[in-house]
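Notes follow once the structure below has been shown.
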Amino acid sequence: MGAILLAAPLLASACGGPSDDISVTGLAKPDPSPARVTDVLAADEEGRFDLLVELVGVAGLTAALEEPGPFTLFVPTDEVLEDTFSESELEGLREDTDTLAEVLSYHVVEGAAVTSDQIDGTETLETVQGGEIEVTTSGVNDASFEETDIDAPNGVIHVINGVLEP
């Protein structure tokens, strides 16, 4: 009889009865927040990084960016990518994954989540690609910041108005 009384609220809840507000303790709820920098980019409500996320996948960099990091990403929007590269150039980059990976990894710093308030003057940072970038309070190399300090569990993202070229 006790088992029936214990199961009744759960059964009523499953059937949409008055016990819909019953919570079961001890069960882990899925974390609704994105897990990594690439997830944050993919979850952008305006879809500003759909092409970029696709190219990161084509270049084989998704798994690396899912590591714990921390990472600092300097990312152009899809609009900037499309203004910088013609459709045939984008197709060429999709086919030449080594060059694509080199260009994209030049936008990534590993080992630090550098926020805008940590930049004092000009900072020289080494990228995953191996080259160095110059970061100031207004931008990186020749690109300006459009948005800064987008937080991700494994890093920080800064949106820039240009493509960084190694």
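The values are calculated or read from the model by the stated rules, or taken from the named source; none is laboratory data. Just so we're clear, the structure is a prediction, and the values are computed from it rather than from any experiment. Note: ideal-geometry Cβ built from the backbone for every residue, glycine included; neighbour counts use all protein chains shown.
Here's the yes/no breakdown for (1) modelled with pLDDT under 95; (2) among the aliphatic types (A, V, I, L, M):
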| position | (1), (2) |
| --- | --- |
| E79 | no, no |
| D120 | yes, no |
| T124 | yes, no |
| A143 | no, yes |
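Of all residues in the range 114-128, those that are on the phi < 0 side of the Ramachandran plot have Cβ atoms under 6 Å from Cβ atoms of residues that are in a loop (DSSP other than H, G, I, E, B) and at pLDDT 90 or above, 6 or more apart or on another chain, in I119/T137; T122/T136; T127/Y106. Residues in the range 114-166 that are more than 20 Å from the chain's Cα centre (by Cα), more than 20 Å from A101 (Cβ to Cβ) and part of a strand (DSSP E or B): 3 in all.
Residues in the range 59-80 that are in contact with a strand residue (DSSP E or B) (Cβ under 7 Å, 6 or more places away or on another chain), outside any helix (DSSP H, G or I) and buried (at least 21 other Cβ atoms within 10 Å of the Cβ): G69, F71, T72, L73, F74, V75, P76, T77. In the range 81-92, the residues that are part of a loop (DSSP other than H, G, I, E, B) reach residues that are surrounded by 13 or more Cβ atoms within 10 Å (Cβ to Cβ) and of a type in the set (V, I, T) with C-beta atoms within less than 9 angstrom, at least six apart or across chains, in these pairs: F85/V163.
Looking at V56, is it surrounded by 13 or more Cβ atoms within 10 Å (Cβ to Cβ), outside any strand (DSSP E or B) and touching a residue at least 60 places away in the same chain (Cβ under 8 Å)? Spelling it out, it is not the case that V56 is surrounded by 13 or more Cβ atoms within 10 Å (Cβ to Cβ), outside any strand (DSSP E or B) and touching a residue at least 60 places away in the same chain (Cβ under 8 Å). The condition (being within 19 Å of V53 (Cβ to Cβ) and either among the aliphatic types (A, V, I, L, M) or buried (at least 19 other Cβ atoms within 10 Å of the Cβ) (or both)) is satisfied by just one residue among V140, V114, V163, V135: V163.
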